[in-house]
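Below: one structure, written as structure tokens.
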Amino acid sequence: GKYDLCWKYDNASLVLNGQATELVKDDTSGTWRLKDDDASTVTHSTGADNGDDGDTSLDGKGEYWTVVTGDGTKYVFGLNKLDGAGSERTNSVWTVPVYGDDDKEPGYSSGTTLSGRAKTQAWRWNLDYVEDIHGNASTYWYTADTNYYDTLGDGSTGTEYTRGGYLSEIRYGQRAGALFSATPAASNKVTFTYKERCIRDDADTVCALLTDSSSAYWPDVPFDSICAKGDKCTGNVGPSFFTRKRLTGITTYAWNAALSPADFQPVDSWKLTQRFLDPGESGDAKDQSLWLDAIQHTGEHGT
């Protein structure tokens, strides 16, 4: 009668450079490799400041991943606090409570009953750092969306987890070891803007607030799965994963040292418009799907 996530076994999959593959763990050595093996090496590490709790005796705290491809490029997933960072965080790790309901599972030894055997586990590690063999680096920054649900279905105040999120910025042309201490002349960045998945001519009024009465205008967002901090989340007895956002803008910038003070200057922008289409089967607005309708490209530099 419980609908929380429980530990089963170590498993993960990787999406990188247009390819997806499962990760396979060697039961003897504990090392990981790609199922569709190539020259890449996969390293599973712990100790990152990223919100992943884990169990020190089993899977460890602060799990993150490093993949080095055959050309020597290093990709890091879920580091969150990059080298040299102060308060800056990439928000690359999204977590959810996972219960160790059987002996020798993470969390099992933390309590004498099921209620004390949950660990805040990462369910997604997003790419947040790339470094090539010459020390050139790129960093990826995210916005995480939180939600709450009624753990163990006991009617208590909802428990926080990450229901989803989105990429907000990519910084290119950085140098390894100096991510926050210097801005090279060749630096550039890309930013991404989003709006609610509510599309109407009177969007400024209707889409300003997602409520029970307005939820029909978010046809692919499960409004009944949304619970606020401090509420009891009655009926939401398991975590659900979704987004309320749609990508509406992309802007590229180049570093301009000639500006006073020196700053990033816009180069190009893209405006994306979407619409909801009815699949035609039921005529019910709840069956609508979001489709890209148009892209407008604007040069931002000069005339």
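Work out the length of the dipole vector of the chain about its Cα centre, built from +1 on the beta-carbon of each Lys and Arg and -1 on the beta-carbon of each Asp and Glu, and round it to the nearest 20 debye. Walk me through the numbers before you get to the answer.
Details: 28 positive and 45 negative charges, 118 e Å.
Dipole magnitude for the chain comes out near 560 debye.
Classify the stretch 37-77 from the C-alpha gyration tensor, please: rounded if a/c falls under 1.5, else prolate or oblate depending on whether a/b exceeds b/c. Walk me through the numbers on the way to the answer.
Working: a/c = 4.57, a/b = 2.29, b/c = 1.99.
In terms of gyration-tensor shape, prolate.
Cysteines without a disulfide-compatible partner in the chain, using Cβ under 4.7 Å as the rule?
Those would be Cys6, since no other cysteine Cβ in the chain comes under 4.7 Å of theirs.
Asn256's amide H: which non-local residues (gap 5+, or another chain) put their own amide H closer than 5 Å, with H modeled 1.01 Å from N in plane and none for Pro or chain starts?
Those qualifying (amide H under 5 Å, at least 5 residues apart or on another chain) are Asp263, Phe264, Gln265.
Grab the DSSP H runs of the chain that are 4 residues or longer, score each as -39,500 (n - 2.57), total them, divide by all residues and round the 222 nm result to the nearest 500 deg cm²/dmol. Working shown, then result.
Working: 1 runs with 4 residues, N = 303.
After summing the helix terms and dividing by residue count, I get 0 deg cm²/dmol.
Starting from the 7 Å offset along Cα-to-Cβ, what nm value, one decimal, do you get for the label separation of Thr234 and Lys104?
Going by the 7 Å Cα→Cβ label model, 4.3 nm.
Once you've got the Cα coordinates, tell me which of Lys61/Lys104; Lys35/Lys245; Lys35/Lys61; Lys8/Lys229; Lys61/Lys119 are over 21 Å apart.
Details: Lys61/Lys104 16 Å; Lys35/Lys245 33 Å; Lys35/Lys61 25 Å; Lys8/Lys229 29 Å; Lys61/Lys119 10 Å.
Beyond 21 Å: Lys35/Lys245; Lys35/Lys61; Lys8/Lys229.
Using θ = phi - 60° and the Karplus form 6.51 cos²θ - 1.76 cosθ + 1.60, what ³J(HN,Hα) does each residue of the stretch 2-15 get, whole Hz, x for Gly and Pro?
Couplings: 9, 10, 6, 7, 10, 5, 10, 6, 5, 7, 7, 9, 10, 10 Hz.
Over the chain, average the accessible area per residue using a 1.4 Å probe and give it in Å², no decimals.
For the chain, the solvent-accessible area averages 56 Å² per residue.
Classify the chain: rounded, prolate or oblate, from the alpha-carbon gyration tensor (a ≥ b ≥ c, eigenvalue square roots; a/c under 1.5 rounded; otherwise prolate if a/b is larger than b/c)?
It comes out oblate by the Cα gyration axes.
When the label point is put 7 Å from the Cα of Thr69 along its Cα-to-beta-carbon vector, which residues of the stretch 141-160 have a backbone N closer than 14 Å?
Within reach of a label on Thr69: no residues.
What is the calculated FRET efficiency for Glu88 to Ser29, with r their C-beta to C-beta distance and R₀ = 30 Å, to the nearest 0.05?
It comes out at approximately 0.30.
In whole percent, how big is the carbon plus sulfur part of the accessible area of the chain, probe 1.4 Å, protein atoms only?
Percent of accessible area from carbon and sulfur atoms in the chain: 47.
List residues of the stretch 136-157, by number, whose backbone nitrogen lies under 14 Å from a label position 7 Å along Cα→C-beta of Thr113.
152-156
The values are calculated or read from the model by the stated rules, or taken from the named source; none is laboratory data. If you're wondering where the values come from, they're calculated on a predicted model, not measured in any experiment. Quick reminder, even Gly has a Cβ in these numbers, built from the backbone with ideal geometry, and neighbours come from all protein chains shown. We work out accessible area using only protein heavy atoms, side chains counted, and drop any ligands, DNA or RNA first. Shrake-Rupley method; radii C 1.70, N 1.55, O 1.52, S 1.80 Å.
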